[in-house]
Structures are given as C-alpha cells and as structure tokens.
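Enquirer: Please find one structure pasted underneath; my questions will follow.
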Amino acid sequence: MLRQREYENFFMILRRKEKQARSVQLIKMALVEQSLNLNTRYQWRHLTVLDHNQVRDFIWKYYSELNPLRRMLGLHKSEKVMVIDDDRVAAKLREGVCTGVIEKRSGKLAAVALDSISSGSEEAFRLKCVSKSSQYPPNFYKMLGMFDIVRRCSPRFLKNEKLYQLSMFAIHPDYNGLGLATKLTLKGEENATVTGCKYVVVISTSAYMEKVFNKLEYTKFAEINYADYLNRCGGDMERIVPPHLKMTSFYKQVA
C-alpha cells in the first residue's frame, strides 16, 4: 500500500512538471509569434538591390556613424571605410536575406538588418569586401584584428556548417526602445530555418545588442575587452565610452 502511494505521488509530481514545461514552452512560442507579427504601425520589407541607395544611406547614418567600436577607433567618419560599407551593403542585398522595418503611415525606413549566409565560420567572421592592397586608416586594421580573434575562437563544429549571420543592425533614433532589434533578430532566426541554416551567428559591438542576444538565449563563445585589446596594440584608451566595453560573439542552434 505504501509503495503504491509512493508511485502515485511520483507520477503526480512528474505530470505536474510536464504540465509546467508545456506552459513555459507555450509562453515562449506566444512571445516569438507576438514579436514576429509587427503591429499595425509597421510592416516587414524584404530588401533587394533596388533598395541599395536608400539602405546604404541609412547604414551610413545609423550604423557606421553610431557604432560604438567604430567611434572608439575613430572610423565613423572615414570616407575609405564608408566605401567598404557601400560594397558590403551591395553584397548583402544580393544575397536576398536582408530585412527592413517600414512605418506604414509614412513609408519611412525604421530599421534594417543586413544578414548573410556563410559556408562556415572562416567565411562568416571575415570582413568581406576588403582589398588587402588598399590603404585604410591604421585603426581599421585593429578592428580587423578583433575579427581574426573571433574567427580563431569560434567553435570547431561551426567551421563547416552553413551559417546564418546576423549583422549591421541599424535603427532610426525615432524608433529606439520599441523592441525592433529583438524583432529583427527573431526574423533572422526564422529566415535561417527557411534557408536551411542550422546555426545563427553574430558579432556584437554594442552593450545593448548583447542584452538582446542574452535575452534570446544565444551562447557566447568569444569576448574581447576593448581596454585590454587596445592596451596591447597601442590604441587610444580615452575613446572607450561605457557601457560599450567589449566585443562579444554568439551562436544559437535554430534547427
């Protein structure tokens, strides 16, 4: 009799835990669905090469000039780096997985994410559209050095995987605080599954974006402290502005 009661209590606890787990899963699914469905004020826009000029200008203004790492290295106003960004925008738009958020009433571009697909971590964490023979500002090579560290630190199982890379998030200041970065990240994960990518990878140079990836349960695999890095390579320590103190790299399995 006692043993039977113990079995009943065991299975009752087990059913209760299963019910709680299902509830948590349903809540997560609801949050994802809510995040992917923009409200009546905004809509998704698949960006193509026809949007190049508009997207390039948007990236220059709200990504290149505001990016914490670029500002720290004094690259946010560099014309040579802007030429690189122009080439990167064109290359990413040709891949066909870039997403924009449009305000319906005004038709105004509120946010973009210029994602891409790579054949492995060696390609994903290498800054494309950079000619080795060209002359760039000295600090540009310091930024490239950070990408090299990330590439060397990437997990081995990502080396030959088809990867979906989130990159170049840009949000118009008028639309900050609305959760668009989270929505763009979730949209990227959806695109990754559609395009047959098992993993999503991203490099974050912003403390705000790092919070987004932590919230969405990304796994961190590399972290570069700006002060330590600049101290080793002779950078200007005074340019470091909190809370943006490090570059972080993440991955997440989505399939």
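The values are calculated or read from the model by the stated rules, or taken from the named source; none is laboratory data. Since the model is a prediction, treat every value here as computed from it, not as a measurement. Virtual Cβ from ideal backbone geometry, glycine too; neighbours counted across all protein chains shown. Protein only, heavy atoms only, side chains kept; ligands, DNA and RNA dropped before computing areas. Shrake-Rupley method; radii C 1.70, N 1.55, O 1.52, S 1.80 Å.
Enquirer: Could you give the accessible area per residue of segment 108-210, probe 1.4 Å, as a whole number in Å²?
Expert: Accessible area per residue, segment 108-210: 42 Å².
Enquirer: Using a 1.4 Å probe and counting only protein heavy atoms, arrange Val49, Val97, Val254 so the residue with the most accessible area comes first.
Expert: Details: Val49 85, Val97 15, Val254 40 Å².
Most to least solvent-accessible, the answer reads Val49, Val254, Val97.
Enquirer: Stretched out fully, how many nm does the piece from Arg45 to Asp148 gain, at 0.36 nm a residue minus the Cα gap?
Expert: Details: separation 103, 0.36 × 103 = 37.08 nm, distance 3.27 nm.
Contour length minus Cα-Cα distance gives 33.8 nm.
Enquirer: Excluding same-chain residues fewer than 8 positions from Lys162, which aspartates and glutamates have a Cα within less than 13 Å of its Cα?
Expert: Counting by Cα, and skipping residues close in sequence, Lys162 has these aspartates and glutamates nearby: Glu122, Glu123.
Enquirer: So how far apart, in nm, are the two label points at Thr195 and Arg105 if each is 7 Å from Cα heading toward Cβ?
Expert: 3.3 nm
Enquirer: Take the Cβ-Cβ distance between Val254 and Glu223 as r, set R0 to 30 Å, and report the resulting FRET efficiency rounded to the nearest 0.05. Before the final figure, lay out the partial values.
Expert: On the way: r = 22 Å, r/R0 = 0.74.
In this case the efficiency is close to 0.85.
Enquirer: Another question about this same structure. Using the Cβ atoms and a cut-off under 9 Å, what net charge is assigned to the surroundings of Glu122, where Lys and Arg are +1 and Asp and Glu are -1? Please report the intermediate quantities before stating the final value.
Expert: Details: positive: Arg126, Arg151, Lys159; negative: Glu123.
Once positives and negatives cancel, what remains is +2.
Enquirer: Subtracting the Cα-Cα distance from 0.36 nm times the residue separation, let me have the gained length for Glu123 to Ala207 in nm, one decimal. Kindly include the intermediate steps, with their values, before the conclusion.
Expert: Numbers: separation 84, 0.36 × 84 = 30.24 nm, distance 2.47 nm.
That pair, Glu123 and Ala207, stretches by 27.8 nm at full extension.
Enquirer: I want the local charge near Glu161. Using Cβ-Cβ distances under 12 Å, sum +1 for each Lys or Arg and -1 for each Asp or Glu among the other residues.
Expert: Numbers: positive: Arg156, Lys159, Lys162, Lys198; negative: Glu122, Glu123.
Once positives and negatives cancel, what remains is +2.
Enquirer: Please label the shape of segment 74-159 as rounded, prolate or oblate, based on the square roots a ≥ b ≥ c of the eigenvalues of the alpha-carbon gyration tensor (a/c under 1.5 means rounded; beyond that, a/b larger than b/c means prolate, else oblate). Write out the running numbers ahead of the final one.
Expert: Working: a/c = 2.25, a/b = 1.30, b/c = 1.73.
Oblate shape, in that a/c is at least 1.5 and b/c is the bigger or equal ratio.
Enquirer: Where the accessible area of segment 53-128 is counted over protein heavy atoms with a 1.4 Å probe, how much of it, in %, is carbon and sulfur?
Expert: Working: 1450 of 3070 Å².
Within segment 53-128, the accessible surface is 47 percent carbon and sulfur.
Enquirer: Have a look at Val194, Gly177, Thr219 and report the one farthest towards the positive end of the charge dipole of segment 167-255, computed about the Cα centre with Cβ charges (Lys/Arg +1, Asp/Glu -1).
Expert: Farthest towards the positive end: Val194.
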